[in-house]
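Written below as structure tokens is the structure these notes are about.
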Amino acid sequence: MEYKIIAKDGRAKRAEVKTVHGTIQTPVFMNVGTVGAIKGAVSTDDLRQIGTQVELSNTYHLHVRTGDKLIKEFGGLHKFMNWDRPILTDSGGFQVFSLSGLRKIKEEGVYFNSHIDGRKIFMGPEESMQIQSNLGSTIAMAFDECAPALSSREYVENSVARTTRWLARCKAEMERLNHLPDTVNPHQLLFGINQGGIFPDIRIAHAKEISRMDLNGYAVGGLAVGETHEEMYHILDEVVPHLPENKPTYLMGVGTPANILEAVDRGVDFFDCVYPSRNGRHGHVYTNHGKLNLFNQKYELDPRPIEEGCQCPACRSYSRAYIRHLFKAKEMLGMRLCVLHNLYFYNKMMKEIRDAIENHRYAEYKEQKLEGMARGQSKG
């Protein structure tokens, strides 16, 4: 991997990441395809058309349904889903730890029951790396514990210490797997994850410790799980300066357009979130003038596209009125068009962000973007 900073504007970074599956221009929003597909009947051809750079899939979900060993036999996830650009796979940690009543945490890993058929499964650092190696993703995420929101200081300290021990095991296992003769992607990259809840001192100490491991990239995890936006921004202010500037920084599971604009301003490169696809499936669409709910009756005879001037597949061909009709008629096309629009909106916003940083006008761009969305929302 090669990470090169092209421009800086304040703390905002414009960079590129060269990988075996192509170069990623950052800041980047990764489009979430949990089980190897974007929910809403969106194909990989669609993803290429709307400017997607990176697709994100889920280790836990692909392991329990269909199975990573089957996908390895097929030649890996890239071949399986017909996607020739970078893929990031998360470690499965967040999903496993969200099973609360169905799992037991031990030093060796986590014992849990599948949410699909109830069968008992064990996943630790080595197992997570093995699954991700079978998938052959471009970037694999380390197996960590995402502590519950607003956990006690004692719990967070113990959790972070275990996450650090697990990270060392992930690194050793990834190095072993990448040297096996039958590995799908011998150039698979490993990103470590900073944890520490909303305790800045724990976060900073952990950031310093994992930075010494010299990984390919670093994520900030355990945010957007119940804390306020202000708390999240404060943690980023405190932590990002202690992560290596010459490596990519990834804010996991975030977020709204406003969240992304604020986090870019704090030096973050990578983002992912289910919001654009989830909201699109419910008729909620993003625009530069706020979010629209196409179920509202006022769009019943509205001949305009979702957003004037938008070049997404939905806006180029269909009216708000028609898309509203599709939702009312329970036709899947309505959902598909809104998901495509939302993902296009996010991908285009990231291109605008990159251009603004290169032109040293990011502060102005951010202010205009936030004002436009807020003003439109207030008008309803």
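The values are calculated or read from the model by the stated rules, or taken from the named source; none is laboratory data. These figures come from a predicted structure and were not determined experimentally. Neighbour counts run over all protein chains shown; Cβ positions are idealised from the backbone, glycine included.
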Which numbered condition R266 misses (of (1) buried (at least 20 other Cβ atoms within 10 Å of the Cβ); (2) among the charged types (D, E, K, R); (3) not in a loop (DSSP other than H, G, I, E, B)): (3)
The listed residue being of a type in the set (G, A, S) and surrounded by 13 or more Cβ atoms within 10 Å (Cβ to Cβ), out of G334, G309: G334
Residue that is nearest to the chain's Cα centre (by Cα) [pool: residues in segment 325-380 that are under 17 Å from N279 (Cα atoms) and among the aromatic types (F, W, Y)]: Y346
Return the pair list, or none, for Cβ contacts closer than 6 Å from residues in segment 71-99 that are basic (K, R) to residues that are assigned to a helix (DSSP H, G or I) and modelled with pLDDT of 95 or more, at least 6 apart or on different chains. K72/N134
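Conditions (1) under 13 Å from I121 (Cα atoms); (2) at pLDDT 95 or above; (3) out of contact with any Lys or Arg (no Cβ under 7 Å at 6 or more places or on another chain), marked per residue:
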{"residue": "I50", "(1), (2), (3)": "no, yes, yes"}
{"residue": "Q53", "(1), (2), (3)": "no, yes, no"}
{"residue": "H61", "(1), (2), (3)": "yes, no, yes"}
{"residue": "L70", "(1), (2), (3)": "no, yes, yes"}
{"residue": "G75", "(1), (2), (3)": "no, yes, yes"}
{"residue": "H78", "(1), (2), (3)": "no, yes, yes"}
{"residue": "N82", "(1), (2), (3)": "no, yes, yes"}
{"residue": "D90", "(1), (2), (3)": "no, no, yes"}
{"residue": "F94", "(1), (2), (3)": "no, no, yes"}
Report yes if some residue within segment 301-312 is among the β-branched types (V, I, T), under 17 Å from H282 (Cα atoms) and in a loop (DSSP other than H, G, I, E, B); otherwise report no. yes
